1. Give the residue, chosen from 93, 88, that is farther than 16 Å from residue 39 by Cβ, hydroxyl-bearing (Ser, Thr, Tyr) and either in a loop (DSSP other than H, G, I, E, B) or free of Cβ contacts under 8 Å to residues at least 60 places away in the same chain (or both).
2. Give me the residue from segment 50-76 that is touching a residue at least 12 places away in the same chain (Cβ under 8 Å) and part of a loop (DSSP other than H, G, I, E, B) and, out of that set, surrounded by the fewest Cβ atoms within 10 Å (Cβ to Cβ).
3. Go through segment 25-53 and give me each residue that's under 20 Å from residue 98 (Cα atoms) and among the basic types (Lys, Arg).
4. Determine which member of the set 47, 39 is hydroxyl-bearing (Ser, Thr, Tyr) and surrounded by fewer than 16 Cβ atoms within 10 Å (Cβ to Cβ).
5. Mind checking which residues of segment 77-101 are surrounded by fewer than 16 Cβ atoms within 10 Å (Cβ to Cβ), closer than 17 Å to residue 5 by Cα and at pLDDT 95 or above?
Amino acid sequence: MSNINYKVLAADWIDAWNKRDINRIMDHYADEIEFHSPTVNKRWKITDGKLTGKEKLKQHFLKGFEEAPNLHFEFIELVPEKDSVIITYKRETGQLVSDYIRLNENGKAILVNAYYHFKEH
């Protein structure tokens, strides 16, 4: 895993999202991806917020494009480890999100936990 350039990985992932390039986005995920996010619960009424498999995740992301026509991610921070990385970014709404991403030996995401930062008003 040490041969993965996490800065390049994060930059490509953010760029793919900002260009709405679903094929490039999906290239970052393994077929057996396990994805956890509050958006899964909100969008699909899946109580545990979990999607499994690349095709379900692709449908989730495509629905996200529909729901957020001005979608844009601004890179904030990268925290790399030997087989995982945390990417923090700001959405077009101002919402901060941190994605914990565990990678397989090919550098593809096999587990993602999305954390939406809480701000008191």
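1. Going through 93, 88 in turn, the sole match is 88.
2. 70
3. 42, 43, 50
4. 47
5. Across segment 77-101, the qualifying residues are 77, 78, 79.
The values are calculated or read from the model by the stated rules, or taken from the named source; none is laboratory data. Every value quoted in this text rests on a predicted model; they were computed, and no experiment measured them. Neighbour counts run over all protein chains shown; Cβ positions are idealised from the backbone, glycine included.
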